[in-house]
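The values are calculated or read from the model by the stated rules, or taken from the named source; none is laboratory data. Being a predicted model, the structure only gives us computed values, none of them experimental. Positions of Cβ are backbone-derived with ideal geometry, glycine not excepted, and every protein chain shown enters the neighbour counts.
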Amino acid sequence: MATRNSLTPWLWLAPTGALLIPFFVIPIAITARNSVYIDDPMGILVPGFTFANYAKVLSDSYYLTVFTNTLLAAGGVALLALAISYPFAWLLAQSSGSGRAFLLWAVYLPIYVSVIMRVFGWMVIVSDSGMLNQALIRLGLVSQPVHIMNEVSGMGLGLIHRYLPLMILPLVTSLRKVDETMLRASANLGGGRWFTWFRVVMPISLPGAVAGMQLVFAGVLSDYVIPALMGSTRFQMLAPAIFYESSTNASWALAGAMATLVLAAVALFLLTANLIVRRVAPWASI
Amino acid sequence: MVTMPADTTGSGAGMEPPELVLDNLCKSFDGHVAVDRCSLALRRGEIVALLGASGCGKSTLLNMIAGFETPDYGTISLRGKAITGIAPHKRNVAMVFQHYAMFPHMTVTDNIAYGLHARRLDKAEIRARVAEMVALLHLGGLETRFPAQLSGGQRQRVAVARALAVRPDMLLLDEAFSALDRNLREDMQLELSLLLRRLRVTTVLVTHDQREAFALADRIAIMQGGRIAQIGTPEEVYRAPKSSSVLRFLGTTNRLAGVLVAEGAGHRMRVPPALDFIAPEEIVAGSGAGPVSLDLRAEDIALSPTPTPVHPTAPGIVTLRTFLGAQERVIVFLGDAQIVVDRPAQAGVQQLAVRVGDAVYLDFDPAACRLGAAG
C-alpha cells in the first residue's frame, strides 16, 4: 500500500508530463544550450561555451532597442488593457442572469476566432482604404488616410484586442468578491463613493488586476503574429526579431540568447509581481 | 410636520423627545407592497425588535432607516432631524449585517477603524477608539487577524465593534445572530443586551426568531404583511395578542376548526367532537356566528382525568409524551384533531400524570383563546 500511495501523485502527473517534457522543457533546454554555443558564419551551430552572444545582445543598440520597444509595448498594452477592462469587469461582476451571460459571451467570443482572422477583420476596418478612413474622408475630417495598419498604433490595437480577455477574466473573479452588502457596509459606516472605491473595491481587485497584467505582459512580450502582421518595421518587436535572427540569419546561438533573456525577463516580472501582491494583499493568500 | 403616531407610547416613555420617529412609511416593489403605513417612535436607549416571518417587510423597514431604500411615502426623523432623503453615508446610523459584511482585505483593527477613517478623525483619536472597542468587545489579541482567520462569534464581535466605533445615533441589527450556533447565539444575545443597555444605544433589530426578540428587546413590533400588527413589551405581545395571527406567530399554537353559535345575549363555541363552552365576549369581538378557527397556546392547556367545563364529553387519547427538559409535550388526539399540550416537567408540580393510551379531558381558560376566520 505504501508504495502505491507514494506513486499515485506521479501517475496523475504522467499525462501532463508526457506533453510538457518533450514539447516544452526539452525545447527550452535546447534553446538555453544554444545560447552559449557559437554561431559559425556558414550557419552551423558550433558547440562551445561562451557568453559572447549575451554580451552582443546586451550591448548592440539594435538589440537593445528591440528589447526596450518590446518592454514598452508590453507595459503599455498591459496598462491600457487594465484601464479598458476595469469598468467592463465591474459591470460584469455586478450583473447577473442573462446580462451576465451576454457580457461573458462577448469576452469569450473573440477567443473562438483565429488570430489571423481577427487581423484581417482589423484590416477591413483600419487599413488606408478601410471603413474607418473612408468614413473620415467622406465626413471631411481628414484629407489623407490616417495610417494605423503597420504602425505602432495598429499593433497596439491588435495586441489589446488579443489580450483583453486575459485581463478581464481574472479581474472579474476578484471583483466578484466585492458584494452588495460590502458596499452597503461601507456606505453605512460613512464611506462615500470614492472612499469606498479606494478603500474597498480597488484593494480587493488588486490581486486580479496584477494577475491580468502578468498574463497580458507575458503574452505581448512573446507575441509574434500581431507585430508581424500589424506592426511597423520602424518599431521592431522581440519575437519577430528572434525569428528573423534564427531563420533568416541562421544565428541560432544569438537567437537562443535573446530568447533566454526574454524568458528570464518574464520570470523576473512574474516573481516580482507575486512578491508585491503577497506584501500589499496578504489577505489574498489566507 | 411630523405627527406623533398613535401607537408610540411604549411603557415607560419618558418626557424626552423620541430619538427615531418613523411616520406612516410605505414602500412597494413592482406593485408588491412591502411596507404599509408603518409608524414607530423610539426613545433614547430603547431597543425595539421588528419580529416577523420572511417577506413581512421588516428588512425593508430597516433598510429605509439605514437609507438603502427610499420610502414611497412617509418620513423618518432621527434626533429631530428629517433624514428621509439623506444618503446612507451621511446618516449616523450603524448597522450590523446578517453575515457581518466584513472587509476581507482588512485586519480587525482596520475593519473597526473604517468608519473613523471615513469621518477623517485624527490618528490618535482613531487609535484610542479602536482600543476602546477592542476592550469593550473582548477582541484583545485578534487585532492583526483578517476576517478569514476569525470564528463566527469573533466576526460578529468585530462587526459590532465596527458599528459602535463611529458612536452612531442609532444601531441597526439585521438578523445579526442567525449565523451563530445556538449556545453561542444565546451568549452573544445576553452580552450584547447588557452592552447596549449600558451604553444606552438606541437600537432597532430585525429578526424572525422570537427568542432573539425576547432576549434583547424592550418592545417588540410584530410585523405581518408589511404592517405592524402589534407593538408592546414582550409580555404584552405574548400575554395579550391582539389577533389570532399574532398569537399564532408567538409560541406553539393549536388551531382548531369550530362553530360559533349565538346563544341568548352571548355566544357558545363548539369544536367537534367534544369542546363546548360559553365564549367570553372579549374573544368573540368582531367574529359573527358561523364557522371560525380557534387558536390556543399549547402551554395554556391542562389535562384532567374527569370532564371539565370546556370539555364535558368524549375524552381525548394521549398518543405521545416527549420530555423537553423544563417542559414535557403531550400529544392528545381528540377526534381527528391533534392537540399539543406543553406542561411543566419539574418534579413536584401538582398535575395529572399521564401515560400513552390514557383518556384525558382538556382544560383551559376560554379567555386564552383567539378566534379567526375559518380556514
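Out of A:58, A:80, A:19, one residue alone is modelled with pLDDT of 95 or more and not hydroxyl-bearing (Ser, Thr, Tyr). It is A:80. Only one entry in B:166, B:201 is among the hydrophobic types (A, V, I, L, M, F, W, C), more than 14 Å from chain A (Cβ to nearest Cβ) and under 30 Å from residue B:72 (Cβ atoms), namely B:201.
Within segment B:241-264, one or more residues are closer than 30 Å to residue B:207 by Cα, out of contact with any strand residue (DSSP E or B) (no Cβ under 7 Å at 6 or more places or on another chain) and outside any helix (DSSP H, G or I).
Does residue B:326 satisfy the condition of being surrounded by fewer than 18 Cβ atoms within 10 Å (Cβ to Cβ), of a type in the set (A, V, I, L, M) and in contact with an Asp or Glu (Cβ under 7 Å, 6 or more places away or on another chain)? Judged against the criteria, residue B:326 is not a match.
Taking every residue in segment B:302-324 that is within 17 Å of residue B:355 (Cβ to Cβ) and pairing it with any residue that is surrounded by fewer than 14 Cβ atoms within 10 Å (Cβ to Cβ) and of a type in the set (A, V, I, L, M), at least 6 positions away or on another chain, the pairs with Cβ-Cβ distances below 7 Å are B:315/B:359; B:317/B:359; B:318/B:356; B:319/B:356; B:320/B:356; B:321/B:356. The set of residues from segment B:127-145 being away from every other protein chain (no Cβ under 14 Å), in a helix (DSSP H, G or I) and not hydrophobic (A, V, I, L, M, F, W, C) comprises B:127, B:132. Could we say that residue A:178 is assigned to a loop (DSSP other than H, G, I, E, B), more than 9 Å from every other protein chain (Cβ to nearest Cβ) and not charged (D, E, K, R) here? When the stated conditions are applied, residue A:178 passes them.
Screening segment B:19-105 for strands (runs of 3 or more DSSP E) wholly inside it with 3 or more residues that are within 30 Å of residue A:177 (Cβ to Cβ) and not small (Gly, Ala, Ser) returns the ranges B:93-96. Checked against (1) under 20 Å from the mean Cα position of the chain (by Cα); (2) modelled with pLDDT under 95; (3) crowded, with 19+ Cβ neighbours inside 10 Å, residue B:202 meets all criteria but (2). Taken over segment B:214-240, residues that are assigned to a strand (DSSP E or B), closer than 17 Å to residue B:61 by Cβ and of a type outside the set (A, V, I, L, M, F, W, C) amount to 4. Only one entry of B:41, B:49 meets the criterion of being away from chain A (no Cβ under 14 Å) and farther than 16 Å from residue B:174 by Cβ, and that entry is B:41.
Of all residues assigned to segment B:312-332, at least one qualifies as being touching a Phe, Trp or Tyr at 6+ places or on another chain (Cβ under 9 Å) and more than 18 Å from residue B:273 (Cβ to Cβ). Put simply, of B:148, B:124, B:113 the only residue that is exposed (fewer than 14 other Cβ atoms within 10 Å of the Cβ), more than 26 Å from residue B:20 (Cβ to Cβ) and within 12 Å of chain A (Cβ to nearest Cβ) is B:148. For segment B:80-110, give me each residue that is of a type in the set (Lys, Arg) and within 18 Å of residue B:25 (Cβ to Cβ). Correct list: B:81, B:91. Look at segment A:263-286: where a residue is over 13 Å from residue A:209 (Cα atoms) and within 12 Å of another protein chain (Cβ to nearest Cβ) and a partner is surrounded by 11 or more Cβ atoms within 10 Å (Cβ to Cβ) and among the aromatic types (Phe, Trp, Tyr), sitting 6+ places away or on another chain with Cβ atoms under 6 Å, you get A:283/B:146; A:286/B:146.
Here is the figure for segment B:60-74: residues that are of a type outside the set (A, V, I, L, M, F, W, C) and buried (at least 17 other Cβ atoms within 10 Å of the Cβ) total 6. Going by the structure shown, is residue A:171 within 26 Å of residue A:126 (Cβ to Cβ) and either modelled with pLDDT of 95 or more or of a type in the set (A, V, I, L, M) (or both)? Judged against the criteria, residue A:171 is not a match. Picking from residues in segment B:61-77 that are within 14 Å of another protein chain (Cβ to nearest Cβ) and either in contact with a strand residue (DSSP E or B) (Cβ under 7 Å, 6 or more places away or on another chain) or acidic (Asp, Glu) (or both), the one that is nearest to residue B:165 (Cα to Cα) is B:66.
Taking the criterion of being surrounded by 18 or more Cβ atoms within 10 Å (Cβ to Cβ), under 19 Å from residue B:165 (Cα atoms) and within 8 Å of another protein chain (Cβ to nearest Cβ), the residues of segment A:182-207 that qualify are A:182, A:184, A:185, A:186, A:187, A:188, A:189, A:190, A:191, A:195, A:199, A:200.
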